[in-house]
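Below is one structure, written out as structure tokens; comments come after it.
The numbers here are math on the coordinates, done by the rules we state, and not lab data. It should be emphasised that the depicted structure is a prediction, and the values quoted were computed from it without experimental measurement. For neighbour counting, all protein chains shown are included, and Cβ atoms are generated from backbone atoms with ideal geometry for every residue, glycine included.
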Amino acid sequence: MKTSDEWYTPAEIIQSLGEFDLDPASSPEAYRQNRSAKHFYTAEENGLEKDWHGRVWLNPPYSNPLVQQFLTKMTGHNNGIALVFAKVEAKWFHDIVLRHATAIKFLYDRVRFFRPDGTQGLQPRNGSMLIAYGTENARILSGNTLKGKFLYL
């Protein structure tokens, strides 16, 4: 059975990081739950093929190769914060994140994402990290109140 990529970030995580202009990997249901950014692209609109503008919030689909494709596009845009599983053993972590991100915050608590129906999922098997792209986003992430360990890269 294939698991769904439809898991939404708790609003308090996004709100703790300030306002975002664009969420390129969202849906109307996710937006209703977390108001991630002023504008968003759905899977049908394909945020990978659209222009990104302003400060970007990115909680990409976690399946391969989509997670790498979205993180690569974020690298080129270099203005925003991404939330992904803290898979430090993954090739994409070494090739994309460590080479191009400005800073990382490894979250202490595991993120319990929300389902499309608004119910909260169980604790995931993996921890998460927030990845800052650009100096202003690194500054914001360094002062963030979420429990975890912040590192400049």
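Observations on the model:
- Within the shell defined by Cβ-Cβ distances under 13 Å, the residues around PHE150 carry a net charge of +4, with Lys and Arg each +1 and Asp and Glu each -1.
- Charge sum, other residues only, whose C-beta stays under 12 Å from LYS50's C-beta, Lys/Arg counted +1 and Asp/Glu -1: -4
- For the stretch 42-143, applying the loop criterion from DSSP together with a ceiling of 15 other beta carbons within 10 Å to the GluC sites (Glu not before Pro) yields GLU44, GLU45, GLU49, GLU89.
- Residue-normalised convex hull volume from the C-alpha trace of the stretch 71-153: 107 Å³ per residue.
- Max mean-square fluctuation residue, GNM over the chain, Cα-Cα springs under 10 Å, options THR42, THR75, THR119: THR119
- For the chain, share of DSSP beta bridges that run antiparallel, in % to the nearest 5: 75
- GNM top mover of SER36, SER27, SER63 - the chain, alpha-carbon springs below 10 Å: SER63
- Gain upon complete extension [GLU45, GLU136; 0.36 nm per residue less C-alpha separation]: 29.9 nm
- For the stretch 11-152, the relative contact order comes to 22 percent (Cα pairs under 8 Å, sequence separation of at least 6).
- Between GLN123, GLN33, GLN68, the Gaussian network model of the chain with springs among Cα atoms under 10 angstrom shows the greatest mean-square fluctuation at GLN123.
- The calculated 222 nm mean residue ellipticity attributable to helices in the chain amounts to -5500 deg cm²/dmol, summing -39500 (n - 2.57) over DSSP H runs of n ≥ 4 and dividing by all residues.
- Charged neighbours of ASN79, selected by a Cβ distance under 10 Å, balance to -1 (K, R count +1; D, E count -1).
- Shown here: Kirkwood radius over Cα pairs in Å, derived from the displayed model; of the candidates [x] 18.1; [y] 15.3; [z] 16.1, it corresponds to [y].
- 10 Å Cβ shell holding at most 15 others, DSSP loop, trypsin sites (Lys or Arg not before Pro): longest site-free stretch of the chain: 51-109
- Candidate aspartates and glutamates - alpha carbon under 13 Å from LYS87, same-chain residues fewer than 8 apart omitted: ASP95
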